[in-house]
Amino acid sequence: MAFTSSVFALFLIIILLVYYLVPGKGQWIVLLAASYAFYMYASVPAVLFLLFSTAVTFLTARKIQQIKNEESAASAGDGSLPVKTTTAQAKAKARPYMLLGLLADLGVLAVLKYTNFILQNAGALFHTEMPVLRLLLPLGISYYTFQTIGYLLDVYWGRTAAETNPAKYALFVSFFPQIVQGPIGRYGKLIGQLTSPHAFAGKNFRYGLWRILWGVFKVMLLSGWAGIYREAIFADPEAHSGIAVFGVLLYSVELYGNFSGGIDITIGIAQLFGITLDENFRQPFFATSISDFWRRWHITLGTWMKDYVMYPLNFSKAMNRFGMWCRKKFGRKKGRLLPICLSSIIVFFLVGIWHEASWNYIGWGLYNGVIIAFSSLMAEPYRKAKEKLHIADTSKGWHLFMILRTFVLINLSWYFDCVTHAGTAFRMIGWSFTQFRPSQFLQISSGKLGTVYTPYALLTLGLGVVLLFVISVLREQGTGIRDSLSRMALPVQIVIGLVFLFCIVSFSPMAAAGGFIYAQF
Amino acid sequence: MHNSEKSAAKRKRTGRAGRTILSLTAVAVVLIFLNLALYPCTFMRNDVHTISTEQRDVLIMGTSCGKMGIDPDSLLTGTGLSGHNICVGGEYPADAYYLMELALEKQDPKAVIYDIDPGYFMGKKEVGNNYLLFYHEFPAGKAKLAYFQDLLKDHDFRTLFFPYYEYPLQTSLPRIKSTLYQRLTANYDVSYLKGQIQEYHENGFLEKYPVAQENFPAPVHVPFAAERMAPENMEYLGKLIRLCREKDIPFIAVSMPLPQTTLQADPESFERAWTYFSDYFRDQQIPYLNFNRELTQAYSHREEHYVDYDGHLNGDSAREFSGILGSILKNNNMLSGAAEKN
């Protein structure tokens with residue numbers, strides 16, 4: 001049930017009506033039923049995997065909590081042990097359950113997502129034909145697995161108490177707006193909101209609708225048109241060599257429009273129910289470095305990786321030993337940096353493989369990790385060079401240069417996203433600098449409307465990108481667009497909303513409602 | 001809390017709810033107006049209106065070749081039967097099935113003639129316009145609900161809430177006045193559907209004015225290969241045949257004559273298609289009249305009869321062909337069941 005489909009619109013209207021009509025205490029049950037209905041609409045067998053993940057992490061977390069409670073009760077009873085020792089003992093006792101939960105939860109994801117990739121590579125390595133297994137990849141498995149693992153580790157580390165109500169926990173795992181493509185939620189932030197009563201609030205509702213409208217604009221109009229031209233360019237790179245650079249720029253618009261627009265719709269839908277989800281984007285194309293980009297793009301994946309992979313890795317015994325070895329070998333400064341560089345590379349390798357089990361994505365992940373690691377190592381020489389050249393970090397010119405440099409680095413990696421052979425990507429990068437014939441756009445058909453409509457469609461897309469840019473600049477400067485809108489008189493808001501809706505409906509491509517790109521991960 | 005405070009809070013809540021309801025109503029009114037004004041009145045509106053309000057004995061279903069090639073009046077001369085042509089470009093077996101469901105909901109058809117264009121069986125139906133053409137003209141009822149549930153529910157929300165999106169504004173804006181007039185007065189006058197190149201008739205036949213061969217547009221040919229057919233097309237054709245059989249309605253399949261240039265351009269593909277459908281209809285015990293193979297001599301394939309290479313006949317040729325088709329049906333007693341029921 002795509003968020004832009006007719007059936008989802010009807011589904012949402014019905015759920016909203018029921019949600020605000022039932023007593024507050026029962027609202028979370030409506031959400032749970034809706035979430036499972038939504039999930040089962042996509043696939044009934046996939047629900048078994050969702051239930052498995054929910055049950056395993058719920059039960060292991062409960063066991064961990066029980067051990068912790070018993071340990072603290074015992075130590076409180078005789079008072080013989082200091083608190084730290086008790087916690088350490090409890091952790092040691094709970095560790096097998098935490099590992100069991102992790103193994104079972106991650107195991108399902110690993111088997112379903114990576115088996116064919118491993119078989120395929122083993123086949124290539126041993127020059128033998130390997131079977132391709134027909135494995136079901138349940139909707140949102142990469143997202144809900146990360147949510148459940150996060151919860152399990154939070155309970156294990158004592159950041160949160162284990163949930164006692166399995167149905168409430170099931171809602172946290174399956175909440176329908178976010179199960180498709182995130183944002184990856186945290187138990188501590190979400191559970192209270194999901195299970196507490198929400199009275200209808202006009203402001204929330206209006207904000208939610210604005211957010212949905214903005215998301216639909218990005219998904220259908222921007223991503224829709226950009227996708228049509230990007231696809232044509234990458235389908236026949238030779239014929240479109242004069243617009244190769246636009247191919248990757250269009251991919252930026254398509255991917256950002258599709259993913260961030262989808263997240264806008266998700267956050268907007270949740271807001272209609274009075275629930276605030278974490279933001280997943282913060283003007284990523286204004287990032288001044290790759291690490292800054294990852295603090296602005298898919299934020300919840302980045303913070304998840306930081307909290308549940310990077311920090312534990314940095315504080316692990318193995319990394320400590322590696323750090324000590326590095327300090328001995330390369331001195332204090334570099335020795336301190338090298339373990340961070342290594343963990344960056346490991347984290348981005350995981351980010352790559354989380355997206356998709358393919359060498360393309362592993363390469364893309366490593367590209368990001370290596371750039372971040374290299375930047376950390378070169379921070380000191382860069383600082384010295386800037387001092388010599390009298391470049392101030394605060395100067396606008398330098399800031400702009402950094403933004404452009406990051407944008408170019410990001411886009412260079414995306415050439416490889418759109419092709420099957422690295423050679424094609426390199427050729428297209430070459431053409432981007434040596435060939436420029438924008439008239440080649442006129443040969444591309446605008447879907448059902450043919451080539452005659454192409455100039456108008458490009459104009460529409462261009463205006464859409466300008467609007468997105470202006471809004472992004474305003475948001476970067478801290479302007480609350482929806483706050484500004486909500487200060488206007490209600491009839492004015494309605495007119496603006498209707499005009500915007502009319503433009504989306506009339507000027508998006510006729511076959512715009514594809515799925516969400518990130519839903520496949 | 002004092003009573004006065006309570007009532008003030010209640011007034012505030014009521015006011016808020018009132019404003020929300022008023023706002024949503026205003027939005028709904030504007031959206032309904034846009035749909036009324038910008039969604040043009042097509043001939044499908046007339047077709048669906050006819051079959052859901054008037055009794056028609058013979059329904060002609062299928063694609064644009066059928067729409068422009070079969071005139072029900074010429075076809076049924078002397079039979080005492082009435083007919084309506086509900087073919088349209090983009091009518092896939094799924095649409096025909098739900099049109100038949102609708103017809104059965106509203107009247108009592110006695111025979112179905114189905115125009116088989118093999119090209120239509122090769123691909124999936126395109127999202128958008130062709131669905132809207134049918135769905136939004138269906139009167140509320142079981143058939144409309146089933147059509148939505150089966151074919152439309154996963155299309156983007158514009159299909160359901162903003163059907164005008166499939167029609168370019170440059171064509172729908174100049175027509176606003178007449179569209180609104182026709183919709184608001186429930187006017188089904190066919191004079192609105194007369195254009196410079198074609199004329200729609202009350203029996204659903206679309207008469208094309210002759211076109212010189214040198215002005216024929218480039219042909220759209222989809223090579224036929226049974227293994228590459230979209231399975232849902234045969235599935236719905238089977239469902240349609242079963243539905244007719246259940247209701248004891250004779251079903252006759254027809255492949256319209258094609259221009260000789262077209263037939264000669266890819267004879268192997270056509271031969272594969274004719275063999276496939278001959279076998280299929282033989283298995284189904286359905287009469288199949290193919291004017292390109294078994295009945296190729298029954299009607300001329302010269303280009304002068306057509307308006308393009310895709311097989312759309314001009315008006316006069318269509319009437320002539322319909323008469324021939326009618327004679328074949330009569331001579332072979334294919335419509336006798338329908339006449340008896342009548």
Regarding the stretch A:164-183, can at least one residue be identified that is touching a strand residue (DSSP E or B) at 6+ places or on another chain (Cβ under 8 Å) and either in a helix (DSSP H, G or I) or touching a residue at least 12 places away in the same chain (Cβ under 8 Å) (or both)? no
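Does A:Leu106 fit the bill of being closer than 20 Å to A:Val309 by Cα and either modelled with pLDDT of 80 or more or surrounded by 14 or more Cβ atoms within 10 Å (Cβ to Cβ) (or both)?
On the way: closer than 20 Å to A:Val309 by Cα: yes; either modelled with pLDDT of 80 or more or surrounded by 14 or more Cβ atoms within 10 Å (Cβ to Cβ) (or both): yes.
In short, yes.
Can you pull out every residue in the stretch B:60-73 that is buried (at least 19 other Cβ atoms within 10 Å of the Cβ) and of a type outside the set (A, V, I, L, M)?
Answer for the stretch B:60-73, where residues must be buried (at least 19 other Cβ atoms within 10 Å of the Cβ) and of a type outside the set (A, V, I, L, M): B:Gly62, B:Thr63, B:Ser64, B:Cys65, B:Gly66, B:Lys67, B:Gly69, B:Asp71, B:Pro72.
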Can you tell me how many residues within the stretch A:483-508 are surrounded by 15 or more Cβ atoms within 10 Å (Cβ to Cβ), at pLDDT below 90 and more than 10 Å from every other protein chain (Cβ to nearest Cβ)? 2
Residue match in the stretch A:449-472 (condition: over 29 Å from A:Pro183 (Cβ atoms), surrounded by 14 or more Cβ atoms within 10 Å (Cβ to Cβ), facing another protein chain (nearest Cβ under 10 Å) and free of Cβ contacts under 8 Å to residues at least 40 places away in the same chain): yes
Identity of the residue in the stretch A:298-316, among the aliphatic types (A, V, I, L, M) and farther than 17 Å from A:Asn280 by Cβ, that ends up surrounded by the fewest Cβ atoms within 10 Å (Cβ to Cβ): A:Val309
Select, from B:Glu246, B:Glu202, B:Glu232, B:Glu207, the only residue that is in contact (Cβ under 8 Å) with a residue 24 or more places away in the chain, under 18 Å from B:Pro93 (Cα atoms) and not hydrophobic (A, V, I, L, M, F, W, C). B:Glu232
Select, from B:Thr20, B:Thr14, B:Thr42, B:Thr25, the only residue that is modelled with pLDDT under 90 and under 23 Å from the mean Cα position of the chain (by Cα). B:Thr42
Any residue in the stretch A:488-497 that is farther than 20 Å from A:Gly257 by Cα and either part of a loop (DSSP other than H, G, I, E, B) or aromatic (Phe, Trp, Tyr) (or both)? yes
Starting from the stretch A:188-211, take each residue that is more than 11 Å from chain B (Cβ to nearest Cβ) and crowded, with 20+ Cβ neighbours inside 10 Å and list its partners that are of a type outside the set (Asp, Glu) and outside any helix (DSSP H, G or I), counting only C-beta distances under 7 angstrom and pairs at least six apart or across chains. A:Leu194/A:Phe175; A:Leu194/A:Ile275
Take the residues of the stretch A:125-167 that are among the charged types (D, E, K, R) and crowded, with 16+ Cβ neighbours inside 10 Å: which is nearest to the chain's Cα centre (by Cα)? A:Asp154
Checking the condition part of a helix (DSSP H, G or I), surrounded by fewer than 20 Cβ atoms within 10 Å (Cβ to Cβ) and not polar (S, T, N, Q), which residue from A:Arg230, A:Arg295 passes? A:Arg295
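For residues that are in a loop (DSSP other than H, G, I, E, B) and on the phi < 0 side of the Ramachandran plot, scanning just the stretch B:83-106, find the one that is farthest from the other protein chains (Cβ to nearest Cβ).
Top of the filtered list is B:Ile86.
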Looking at A:Phe217, A:Phe246, A:Phe259 in this structure, which one is crowded, with 20+ Cβ neighbours inside 10 Å, within 14 Å of chain B (Cβ to nearest Cβ) and out of contact with any strand residue (DSSP E or B) (no Cβ under 9 Å at 6 or more places or on another chain)? A:Phe217
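Considering B:Pro109, B:Pro163, which residue is modelled with pLDDT of 90 or more and either surrounded by 17 or more Cβ atoms within 10 Å (Cβ to Cβ) or more than 14 Å from every other protein chain (Cβ to nearest Cβ) (or both)? It would help to see each step written out before you state the result.
On the way: B:Pro163 fails: modelled with pLDDT of 90 or more.
The match here is B:Pro109.
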Residues that are closer than 23 Å to B:Gly78 by Cα, at least 1 per element: which helices (runs of 4 or more DSSP H) completely within the stretch B:231-342 meet that? B:315-331, B:336-341
Please specify each residue of the stretch B:1-59 satisfying the condition of being more than 14 Å from chain A (Cβ to nearest Cβ), surrounded by 13 or more Cβ atoms within 10 Å (Cβ to Cβ) and free of Cβ contacts under 8 Å to residues at least 60 places away in the same chain. B:Ile51, B:Gln55, B:Arg56, B:Leu59
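The values are calculated or read from the model by the stated rules, or taken from the named source; none is laboratory data. The shown structure was predicted, so the numbers you read here are calculated from the model rather than taken from an experiment. We place every Cβ from the backbone using ideal geometry, glycine too, and count neighbours over all the protein chains shown.
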